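K.L.:
I'd like to ask some things about the structure below.
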Amino acid sequence: MVVFGLFAFVLLGGIGATVLLANDYRNLNLLLARFGYDPISAGGHERELRPYELKGERLPRPEGLIPERLLTPVTPNQTQFVRTIRREPEALCEALRQGGFETGGWKAALYDKRSWECQSYRTFADPRDGENGPSSAFVSIRGNAETRVSSFRVKLNIENVATQNLVTDAVIHAIEVFLDEVRWQEAPDILADIRALKEFDIIRFGNRLQLRRERLDVTPRYNFIITPDRTQTRNPYLPDYFDRARWLPLPEKL
């Protein structure tokens, strides 16, 4: 037992001495400073303990070793809440019919059998119609096989100023029916601009709402469209990842 006790004492003493004397007596000097004694100098010259050595603070950041751009706070791109419009196509077409726009019901689109569309065309005649014929409105709803609405479009053809209010009133009612069917109670206030035929282009909940006038025709023709917003990239972090200019510098060859 005495032999094992001496062996353990020597072993622990060696470990403790190694810890205290390492790094030019750094840990020993910390212990001496804690009890109010002067530190022991190493190599024949004395060195005063730095404030962070006495207080236990973190080492200061080395200057010139870390690129400044890595230390600059980066604000990540904000994510957007996207409202995906999902509604049964039969219900949308039926609601549109009840709103005064007769349709042939929903059917497969000609350009893609996996998609569907529902269309309606309505005229607004007036005794004062000239050679251009009566004003009209064209409504189109399109979606895919998952019954997700990909676009809602209304085209206003104002052939006669006398029927402009009739056209805008009918179109506004159709838009209200559509927004009510897709449960979009938080839609922005756009009806007043549509009534005044005031152009706009706004984005709400990941969807783009536009009212644009066709410039190639003298007759006032406007298109109101609701489509998913495609101006934002799906993953805004990928371009930075593949930008070599933002990579850390490669080490020089030895």
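K.L.:
Between E159 and residues 5 or more places away or on another chain, which pairs have amide H atoms under 5 Å apart, with H built 1.01 Å from N, and which residues are they?
P.N.:
Sorted by chain and number, the residues that satisfy this are S135, S136.
K.L.:
Given that compact globular proteins tend to follow 2.2 N^0.38 Å, what is the ratio of the alpha-carbon Rg of the range 112-235 to that value?
P.N.:
1.13
K.L.:
5 Å is the cut-off here: which amide hydrogens, built 1.01 Å from N in the peptide plane, fall below it relative to F200, excluding neighbours closer than 5 in sequence?
P.N.:
Those qualifying (amide H under 5 Å, at least 5 residues apart or on another chain) are L211.
K.L.:
Please list 3J(HN,Hα) in residue order for the range 157-174, calculated via the Karplus relation 6.51 cos²θ - 1.76 cosθ + 1.60 where θ = phi - 60°; whole Hz, with x for glycine and proline.
P.N.:
10, 8, 7, 9, 4, 5, 9, 4, 5, 4, 5, 5, 4, 5, 5, 4, 5, 5
The numbers here are math on the coordinates, done by the rules we state, and not lab data. Just so it is clear, the model here is predicted, and its values are computed rather than measured.
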